[in-house]
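The values are calculated or read from the model by the stated rules, or taken from the named source; none is laboratory data. What you see is a predicted model, and the numbers here were worked out from it, not measured in a lab. Backbone-built Cβ (ideal geometry, glycine too); neighbour counts: all protein chains shown.
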Amino acid sequence: MSSRRDFLQRLTGSAITLPFIGAYSAAAAKNTVIQSAPDAPVLKVAIMGLGSYGTRVAEAMQACKRAKLTGVISGTPSKIKAWQGRYNIAEKNCYNYENFDSIKDNPDIDVVYVITPNGLHHDQVIRVANAGKHVISEKPMTLNAKLGEEMVAACKKANVKLLVGYRMHFEPKTLEIIRQRKEGDFGKILFFQGLSGFIIGDPTQWRLNKQLSGGGAMMDIGIYSINGSRYMIGEEPVWVTAQETKTNPDKFKEGIDETIQFQLGFPGGAVASCLSTYSLNNLDRFFLDGTDGFAELFPSTGYGPIEGRTSKGELTQPHVTHQTVQMDEMAAILLDGKQPIVPVDGEEAVKDLKIIDAIYLAAKTGKKIDL
Ligand code: NDP
């Protein structure tokens, strides 16, 4: 990673300011409060891929104090036009997939947020890095750990920062459980259960196309249980076992996992038992158990409100719009060098991708895979 000074130098003269919009809605969420001065610099963001999640991020950013949507990159001219009208985006800040390398000459853009299908992130992130801009990639960062490492290396070489859209890393109830676990409130952690799934619709969508998705439910939703097991337990797993089941091979073709059950072993003795599926709803629950107490989030990773309790009682941290908090916090990371409580950088994403690689191998071979 580049030093804080490098980032500040990179941004000197290019950061803009927005008026202070009053008390931050997450003010009560102590862990995520942005302590910004009224004239704190604002991160200028271009979104690449104006699809369903890109639209959600753009809407959420309207409430940001430290991030502003200033540019778009899209393959669909009609969307560009609509976004220009809705968000007041200058013509010179609009790009397509052929010409976006010239973003390097645009001082109105500090960072590009890549929100395209998974299989495109690798090349697009590297192109943005080579254009000298910071990058945020959506999850999964790419299709496997090797490609992920290439992205991390390219961003390092270009001296830009690579972040990943792990919005739960800024969610107040999640952070409160992490705080309590660090305080030792749950005693020795020995068990985590992660349930992640939904019934996927349209069989023609890119999520069911191996080249664009890299896999099935595991890449899309199972990754929440993988990432969640790591931040809830607070350790890195050392082994993986996995079992795959498929009830609809017409819809879930070769290489597209419908359901995978997997187990992760942690050095402190904890075991995680998780389910990832595209064939069941109501699966969005984390449960952490230790010798002195437990924590539960249900729902645990949806857009919210997240609900939860621990052995000490209900969690009462307020609901926040995840993407608003994420983008304000990412602005603080990129502009001020702030360290998030749970990392959101490319290395963090590579850890998840290594586990995904191992889960697929374990499911295929039936063997326990050491990490
Ligand atoms: P969508 O299909 O809704 O949007 C993807 C957009 O990418 C398209 O609208 C299109 O935008 C662009 N695109 C470029 N090339 C292609 C292509 N070959 N096929 C399809 N689209 C293309 O997907 P989502 O917005 O749901 O997902 C995008 C990314 O965001 C994924 O990586 C996904 O995992 C992640 N995501 C993360 C979530 C989170 O909570 N963190 C939630 C949902 C998704 P254009 O027309 O402008 O070029």
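Here are a few things to note about the model shown:
- Output for region 346-361, where each listed residue is more than 18 Å from the chain's Cα centre (by Cα), crowded, with 22+ Cβ neighbours inside 10 Å and among the hydrophobic types (A, V, I, L, M, F, W, C): Ala358, Ile359
- Scanning region 123-135 for residues that are part of a helix (DSSP H, G or I) and of a type outside the set (Lys, Arg) returns Asp123, Gln124, Val125, Ile126, Val128, Ala129, Asn130.
- Within region 51-62, being within 12 Å of the ligand (Cβ to nearest atom) and in a loop (DSSP other than H, G, I, E, B) holds for one residue alone: Gly51.
- Taken over region 304-318, residues that are touching a residue at least 40 places away in the same chain (Cβ under 8 Å) and within 16 Å of the ligand (Cβ to nearest atom) amount to 2.
- Subset tally (residues that are closer than 10 Å to Asn118 by Cβ and not in a helix (DSSP H, G or I)) for region 210-223: 2
- Qualifying residue in region 123-131 (condition: surrounded by fewer than 20 Cβ atoms within 10 Å (Cβ to Cβ) and touching a Gly at 6+ places or on another chain (Cβ under 7 Å)): no
- Restricting region 94-112 to residues that are farther than 21 Å from Gly165 by Cβ and in a helix (DSSP H, G or I), the residue that is modelled with the lowest pLDDT: Asp105
- Here Glu236 meets each of (1) touching an Asp or Glu at 6+ places or on another chain (Cβ under 7 Å); (2) charged (D, E, K, R); (3) surrounded by fewer than 18 Cβ atoms within 10 Å (Cβ to Cβ) with one exception, condition (1).
- Within region 136-176, the set of residues being assigned to a loop (DSSP other than H, G, I, E, B) and either within 12 Å of the ligand (Cβ to nearest atom) or under 19 Å from Ile115 (Cα atoms) (or both) comprises Glu138, Lys139, Pro140, Met141, Thr142, Leu143, Asn144, Val160, Lys161, Gly165, Tyr166, Glu171.
- Unique residue being under 11 Å from Ser196 (Cβ atoms), within 23 Å of the chain's Cα centre (by Cα) and not in a strand (DSSP E or B) when the list is Ile226, Ile306: Ile226
- If you go through region 63-74 and keep only what is in contact (Cβ under 8 Å) with a residue 60 or more places away in the chain and not in a strand (DSSP E or B), you end up with Ala63, Cys64, Lys65, Arg66.
- The residue pairs whose first member lies in region 98-116 and is surrounded by fewer than 21 Cβ atoms within 10 Å (Cβ to Cβ), whose second member is modelled with pLDDT under 95 and not β-branched (Val, Ile, Thr), and whose beta carbons are closer than 9 Å, counting only pairs six or more residues apart or on different chains, are Pro107/Gly13; Pro107/Ser14; Asp108/Ser14.
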